[in-house]
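First the structure, in the form of structure tokens, and then the observations on it.
The values are calculated or read from the model by the stated rules, or taken from the named source; none is laboratory data. Keep in mind the model is a prediction, meaning the values are calculated, not measured. All Cβ positions, glycine included, derive from the backbone under ideal geometry; neighbour counts span all protein chains shown.
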Amino acid sequence: MNQWLMVFLGWAVCVSANVQIKTPEAPKALDAVQNLSGSHNLGAQVFEKITSQGLLKLHNTTVTQSIRVNGSLVAQAARLNSLDLAGDASLSDTIVSAPCTIIGTLRSQNTTFQGPLTLGAQKASFSGSRVMAITVRKDLSYKGKQLIELKQRTVVDGPIVFESGRGEVHVYAGSQVLGTVTGGKVVKK
């Protein structure tokens, strides 16, 4: 019996010696504040605050306090606290943990908004996302309908409020609004 145990242990040591375990890259140390202008790509770093004018791309980036963007934001696998953006936002596999304001267009894929979301937009699109609540501000220069699209099992946990009174929520199969819709109507797609 001891002979079999020795053979097994010897085999296990040989096998484990040839196995390489790859761990994900840890985020770099905390950088205090970044004031950026122009086009920037940020990777696996942790920042307290970011202020950006222009195009900002985040990949696996964490912002612990606030991020303000005047321009375009493309975020993938980012962790953001509060977000204030004037321009275009494309968020995928991202978590926004505090209140978020986006004045411009929003495309969200597999993203979670844990705080309330305020939009100043004609259209916002969500796919596979989760949103706490949405308020769509009235755009005095736009006379048409303001549109929220919910696709691929997106869930809005709270209310959706259209301040203009001219809103539509397009709810595609599998998606749902668990709160009320005020100032607009729900259209099942």
Can you name every residue in the range 139-175 that is on the phi < 0 side of the Ramachandran plot and loosely packed, with under 14 Cβ neighbours inside 10 Å?
Leu140, Ser141, Tyr142, Lys143, Gly144, Ala173
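Scanning for something under 12 Å from the mean Cα position of the chain (by Cα) and either surrounded by 19 or more Cβ atoms within 10 Å (Cβ to Cβ) or under 28 Å from Ala173 (Cα atoms) (or both), does the range 46-58 turn up at least one residue?
Of the residues in the range 46-58, the ones under 12 Å from the mean Cα position of the chain (by Cα) are 58.
Now narrow it down to the ones that are either surrounded by 19 or more Cβ atoms within 10 Å (Cβ to Cβ) or under 28 Å from Ala173 (Cα atoms) (or both): 58.
Yes - at least one qualifying residue is present in the range 46-58.
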Residues being closer than 16 Å to Ala75 by Cβ and assigned to a strand (DSSP E or B) - total across the range 87-123:
20
Would you confirm whether any residue within the range 78-88 is at pLDDT below 95 and acidic (Asp, Glu)?
no
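Only one residue in Ser39, Ser127, Ser108 is more than 30 Å from Lys185 (Cβ to Cβ) and either outside the structural domain of Ala173 (by TED's automatic domain parsing) or crowded, with 17+ Cβ neighbours inside 10 Å (or both). Which one? Don't jump to the end; show me each part of the working.
Values: Ser127 fails: more than 30 Å from Lys185 (Cβ to Cβ); Ser108 fails: more than 30 Å from Lys185 (Cβ to Cβ).
Only one candidate passes the filter, namely Ser39.
Hey, any hits in the range 124-133 for a residue that's within 22 Å of Leu83 (Cβ to Cβ), part of a loop (DSSP other than H, G, I, E, B) and touching a residue at least 40 places away in the same chain (Cβ under 8 Å)? Give the derivation first.
Of all residues in the range 124-133, those within 22 Å of Leu83 (Cβ to Cβ) come to 124-133.
Those left that are additionally part of a loop (DSSP other than H, G, I, E, B): 128-129, 132-133.
Filter once more, keeping what is touching a residue at least 40 places away in the same chain (Cβ under 8 Å): 133.
Yes, that holds for at least one residue.
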In the range 78-94, how many residues are within 8 Å of the chain's Cα centre (by Cα) and surrounded by fewer than 17 Cβ atoms within 10 Å (Cβ to Cβ)?
1
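Listed here are the residues, each with its yes/no results for (1) at pLDDT 90 or above; (2) under 18 Å from Thr111 (Cβ atoms); (3) not assigned by TED's automatic domain parsing to the domain that holds Ala121.
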residue	(1), (2), (3)
Phe8	no, no, yes
Trp11	no, no, yes
Gln65	yes, no, yes
Ser90	yes, yes, yes
